Amino acid sequence: MLPGSAAPAAGSGMFVPTQTVGTVLCCICGVAMQPNPANMCARCIRARVDITEGVPRHAAVVYCPDCTSYLQPPRSWLRAGPESPELMQILLRRLNRPLARLRVSLSAAEFVFSEPHSKRLRLKLRLRREVFNAVVLEQTHPVEFTVHDRLCDACARAQSNPDQWVAVVQLRQHVPHRRTFLYLEQLLLKHGQASLALRVAAAPGGLDFFFGSRSHAARLVDFLATVAPVSTQTAKQLVSHDTKSNVYNYKHTFSVEICPICREDLIALSPQVSRDLGGLGPIVLCIKVTNAIALLDPLTLRVHHLEEKKYRVYNFKAALTSKQLVEYIVLDIEHESPEITIDGSRYQLAYAQVARVSDFGKNDTMFTVRTHLGHLLNPGDLALGYDLYGANLNDDDMDTAMMRHSLPEVILVKKSFAKRPRTRRWKLKRLPMEEDAVNKAKGELEKRADEYEEFLRDLEHNSDIRFQIDLYKDEDYRSEMASTIGDDVPTVPIEELIEDLSLGDDEEEDEGGEGNQHADMVG
């Protein structure tokens, strides 16, 4: 076999020559290298050609510290977090024009750590450009951006005068409690829909959200329409106008009214509505409220979802609300049918023998009723329900239903548990809200505290509601602080809790130390 030749492939009988790559000498330094059109090695090319010439090394960016947004010339403000992809995009847009003029392409970019108080943002770019004849050269290029603080237009108006709002969303619901607003508050916090509001004020029967832009208010209205049955009316008032430039300044008002039907309300349907809904009722329970109202017939387990537009046609009211629930004790339970699942919730028809807790020791009044809570109730349990036997009703549809149908004396709504003062390992976040003098009255404060405690109990009892909102771990909770709780009392599993982000001095120091190490590694 000749030297420099390869052995023939096994079984092929063919001769395969060895492939060798030729080398040439660099025309400048004489180093052996692979041939290229410039006949120069990479070191000599870099020494004679600087592809970053003309690319700026310093630039400026305008930052609004109140809303954490950056100016995108000429007048747009974009919100971006530190070292986020959005911030990277904003900074690179400042360099697009110089790079295009120099015919330099950008192959990579990354942030270089800088102290937050230094008002500097540093990028390391990887630039690519064709030099000589078809020779592509890559080179790193650092760029430092100086951050100039300046309030955006909306924040400037808010700082000068908080009442200089452009749009207001007046959210109202005509019910005797605030459970709906407590739930909506958590939804707004989870989805960040109220973060653009200049301020939030409590008002009789609802909340007021003030915005510096009409589009921000319209975005909140659109979100509310997806989570609750609402009707919206709009109005605007002329504030000023410039006849020369034909510019008009308005204040916009969005009046949003939430349907007065709430979860656990008892509704008496009129004969016409009952026929239109396929013979539903006439006594139904509201079991869920989203952008549609879910009505359940507790005697037949039929469920109907009523949209907001359809509800406005019927416009029925709640005959009894959750404020009128009466506590009963279950004496006996007899299941009638197997357990079924409807819209993700479990139900089971059963006959229950119950008595009012307030009647114990006074009389022997007992009721045998049909209920949809057969899968939850056992003899000796407590349940909350509506007392149709002794209630003083002022509802024409309820009177009609009692005359035409044989209604049960009691409609059980949910299982009840003993109310015991105890600490919780979880907590909720709240919106910063301005209270007026009426809401700060002593009796009103106690009423709101009771409603908030009842809302927390509903979260513990109902996993469907917890799924829609965020619950955070309470760092101040200690296991020895908890009082004795029965095994049957529902609690929130620790797997459903989220770690609350709170930066203390120690954590900031640790983060600063890690950042310094990272900077040293980059350097």
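The values are calculated or read from the model by the stated rules, or taken from the named source; none is laboratory data. Not measured: the values here are computed from a predicted model. Virtual Cβ from ideal backbone geometry, glycine too; neighbours counted across all protein chains shown. Accessible surface is based on the protein model in full, side chains and every heavy atom, while ligands, DNA and RNA are left aside. Shrake-Rupley method; radii C 1.70, N 1.55, O 1.52, S 1.80 Å.
Some observations on this one:
- So Asp399, is it assigned by the TED database to the domain that holds His305, at positive phi and open to solvent by 30 Å² or more (accessible area, probe 1.4 Å): no
- Where strands (runs of 3 or more DSSP E) fall entirely within the stretch 113-198, those with at least 2 residues that are without any contact (Cβ under 8 Å) to a residue 40 or more places away in the chain are at 120-131, 135-149.
- Residues in the stretch 1-30 that are open to solvent by less than 80 Å² (accessible area, probe 1.4 Å) and modelled with pLDDT of 80 or more: Val24, Cys26, Cys29, Gly30.
- Qualifying residue in the stretch 375-384 (condition: modelled with pLDDT of 85 or more, within 30 Å of Leu207 (Cα to Cα) and open to solvent by 40 Å² or more (accessible area, probe 1.4 Å)): no
- Taking each residue of the stretch 462-484 that is farther than 17 Å from Arg263 by Cα and looking for partners that are at pLDDT 85 or above with beta-carbon atoms closer than 6 Å, six or more apart or interchain, yields Asp470/Lys190; Leu471/Trp426; Tyr472/Lys427; Asp474/Trp426; Asp474/Lys427.
- Residues (farther than 22 Å from His461 by Cβ, of a type in the set (Gly, Ala, Ser) and part of a strand (DSSP E or B)) located in the stretch 337-393: Ala355
- Test result for Gln193, in contact with a helix residue (DSSP H, G or I) (Cβ under 7 Å, 6 or more places away or on another chain) and within 20 Å of Thr68 (Cβ to Cβ): yes
- Flag for Asp332 being assigned to a loop (DSSP other than H, G, I, E, B) and either in the same structural domain as Ile411 (by the TED database) or not charged (D, E, K, R) (or both): no
- Restricting the stretch 155-208 to residues that are of a type in the set (Asp, Glu) and at pLDDT 90 or above, the residue that is surrounded by the most Cβ atoms within 10 Å (Cβ to Cβ) is Glu185.
- Applying the criterion of being in contact (Cβ under 8 Å) with a residue 40 or more places away in the chain and out of contact with any Ser or Thr (no Cβ under 6 Å at 6 or more places or on another chain) to the residues of the stretch 76-100, the residue that is surrounded by the fewest Cβ atoms within 10 Å (Cβ to Cβ) is Pro98.
- Residues that are among the charged types (D, E, K, R), within 20 Å of Glu257 (Cβ to Cβ) and over 25 Å from the mean Cα position of the chain (by Cα), drawn from the stretch 215-242: Lys236
- Residue pairs whose Cβ atoms lie under 6 Å apart, sitting 6 or more positions apart in sequence or on different chains, and linking a residue in the stretch 399-415 that is in contact (Cβ under 8 Å) with a residue 40 or more places away in the chain to a partner that is open to solvent by 50 Å² or more (accessible area, probe 1.4 Å), are Glu409/Tyr389; Lys415/Leu376.
- Any hit, the stretch 133-154, residues being of a type in the set (Phe, Trp, Tyr) and open to solvent by 40 Å² or more (accessible area, probe 1.4 Å): no
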